[in-house]
Amino acid sequence: MFSHIMVGTNDLDKAKAFYDRLLGTLGVRPARVDGHRIFYITPTGIFSVSKPINGEPATPANGGTIGFACNSPEQADSWHAAGLEAGGTTCENPPGIREGSAGKLYLAYLRDLDGNKLCAMHRIAN
């Protein structure tokens, strides 16, 4: 559905350590470093983190969320725990089932070290 997603960071080394640990819970290999950016390349898309090229500080998108697909609620919980241990902060409600027009979803939310809002999502079969 997307070609890539890129978020900004003010500290590339800290961002790499955070995302290597967080995305490792989803089976994603550690980032490839390319100058001022890091890339996580998977069969379903690319996630990247970059120092802003305009020289201004990185800031999170207001109202933005980046969702990562999970295979189970347990994987989403592992993702959430790894994110907290790597310095992220929990946001929204605690991990758990949400019901809505899209059906039942297991969701876990975090903010990364730069304040970007992240979500682990598992669709629960009806």
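So the values come out like this:
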{"quantity": "Long-range HN-HN contacts of Ile5 with modeled amide H, under 5 Å", "calculated": "Ile46, Phe47, Ser48"}
{"quantity": "For the chain, built as a Gaussian network whose Cα springs stay under 10 Å, the top-fluctuating residue of Gly103, Gly83, Gly24", "calculated": "Gly103"}
{"quantity": "5 angstrom amide H check on Gly67, placed H, neighbours 5+ away", "calculated": "Cys119"}
{"quantity": "Dmax and Rg, reported as Rg then Dmax, of the stretch 13-82 (C-alpha, Å)", "calculated": "13.1, 40"}
{"quantity": "Helix 12-24 axis, angle to the chain major axis (alpha carbon atoms, nearest 10°)", "calculated": "30 degrees"}
{"quantity": "For the chain: accessible area per residue (Å², 1.4 Å)", "calculated": "58 Å²"}
{"quantity": "Potential extension, Lys104-Ala125 segment - 0.36 nm per residue separation minus Cα distance", "calculated": "6.8 nm"}
{"quantity": "The chain, accessible surface, carbon-and-sulfur percent (1.4 angstrom probe)", "calculated": "52 percent"}
{"quantity": "Environment charge of Lys51, counting only residues whose C-beta is closer than 13 Å and scoring Lys/Arg +1, Asp/Glu -1", "calculated": "-2"}
{"quantity": "Computed lengthening from Asn93 to Arg29, 0.36 nm per intervening residue step minus Cα-Cα distance", "calculated": "20.2 nm"}
{"quantity": "The stretch 1-48 shape via C-alpha gyration tensor axes, a/c threshold 1.5", "calculated": "oblate"}
{"quantity": "Electrostatic dipole magnitude of the chain [Cβ: Lys, Arg +1; Asp, Glu -1; Cα centre; debye, to 20]", "calculated": "240 debye"}
{"quantity": "Pairwise Cα inverse-distance average, inverted: Kirkwood Rh of the stretch 5-123 (Å)", "calculated": "14.5 Å"}
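The values are calculated or read from the model by the stated rules, or taken from the named source; none is laboratory data. For clarity, every value in this text was computed on a predicted model and none was experimentally measured. Positions of Cβ are backbone-derived with ideal geometry, glycine not excepted, and every protein chain shown enters the neighbour counts. Accessible surface areas use protein heavy atoms only, side chains included; no ligands, DNA or RNA. Shrake-Rupley method; radii C 1.70, N 1.55, O 1.52, S 1.80 Å.
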